[in-house]
Amino acid sequence: MVLDAFPFVFDCPRSALSPAGSGVLKMTANRYTTFKSAAANTQGLTFVFLHGIGAHKEQWEPLISELFSLQQNKPPHLQVREAWSLDRQNHGNAAVLNADELAVRDRGQFQAVSAAEWGEGIAAFLNSEHMRGNRIVVVGHSAGSAAGVIATKHLDLSVVCIEAHRWLKSRFPWNRWDERVLRLLVSHGLTLTPCNINVTLKCPKHQESVSFPDTFSQFSAIEQFQKICRLIPLHVVWGTKDHLLPEIVQGSISDESQGRVAGSVTKMVGCGHMMFQERPGEGVHLFIVELHSFLEVMTIASVLR
């Protein structure tokens, strides 16, 4: 499936979570469509994808391509209208645009861009004219899930959380990735160093490393999960090869005795934390099944009312 990708740059609003003396950060995004009639389908769904720590927005492209390829013979309300993928302010192309401001934060020993601060930027984007009137589904991976959930403090959305909850290591298991995702990392996740001889990750190493201890945002996301889980469906997906967290810890995320009721909890066999880098095709089929089930129930409920 050939996608049309359109890049966008957004000025994030001044956040109360930003360090004193810091400037306004930008957030970069790609908008994906396949043909004009899809965008004209006002009943269709708009997907917004949020990456994990150390990743970038383009890594979702194989999954987005698979998503669009499944649209034939679907009723209008189950079709994909468009998809957006966002860079965290200190990742991907956004990190390049914000390099000077991030350097100021580093010199001042400020915190990195937390998931909570990114969540405010996501909320501002979802409240923007680009999303007005759309039926939005947010899909987050790892820290992107936390940021997406935090964004709901300022929104009223149907959210699909795709979360394996395994902190990323400094080096990825490239030999397990889908080849398309690996090529996208090389094409979009790297940039030349100032000497133009070597390449490095667009996300500065310091910004990536100080993003991992952002535990406050993770606990905040769990608290928000408990508040909204009975209002909108929150679907949790784990890989069966998650060697970092035991099942008892995984279960605490959707512990019904604590009021955290997930719409579903699914295991993707043979995958670890990087499930959508490893098997994007299987990943999109998995959450489309959950999404269609939810939308069909909502349609029946609307008729009954």
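Only the coordinates and a few stated rules stand behind these numbers; no lab work does. Worth saying up front: this structure is predicted, and the values here are computed from it rather than measured. Quick reminder, even Gly has a Cβ in these numbers, built from the backbone with ideal geometry, and neighbours come from all protein chains shown.
Observations on the model:
- Under 5 Å between amide hydrogens, built in the peptide plane, is the criterion, and for LYS26 it picks out CYS12 among residues at least 5 positions away or on other chains.
- Its Kirkwood hydrodynamic radius, worked out from the mean inverse distance over all distinct Cα pairs, puts the stretch 95-148 at 12.9 Å.
- Residue exposure sequence - SER211, SER187 - by fewest surrounding Cβ within 10 Å: SER187, SER211
- Listed pairs LYS26/LYS241; LYS57/LYS267; LYS57/LYS153; LYS202/LYS227; LYS26/LYS205; LYS57/LYS205 exceeding 27 Å between Cα atoms: LYS26/LYS241; LYS202/LYS227
- Here's the picture: a label point sits 7 Å out from the Cα of SER187 along the beta-carbon direction, and within the stretch 87-102 the residues with their amide nitrogen under 17 Å of it are 92-93.
- For the pair THR240 and GLU223 in one chain, pulling the backbone fully straight at 0.36 nm per residue adds 3.6 nm over the alpha carbon distance.
- FRET efficiency estimate (nearest 0.05) - Cβ-Cβ, ALA5 to PHE212, R0 25 angstrom: 0.30
- Packing, as the average of other Cβ atoms within 10 Å across residues, places the peptides 141-150, 66-75 in the order 141-150, 66-75, highest first.
- Taking only Cα atoms of the stretch 202-284, radius of gyration then Dmax in Å: 14.6, 42
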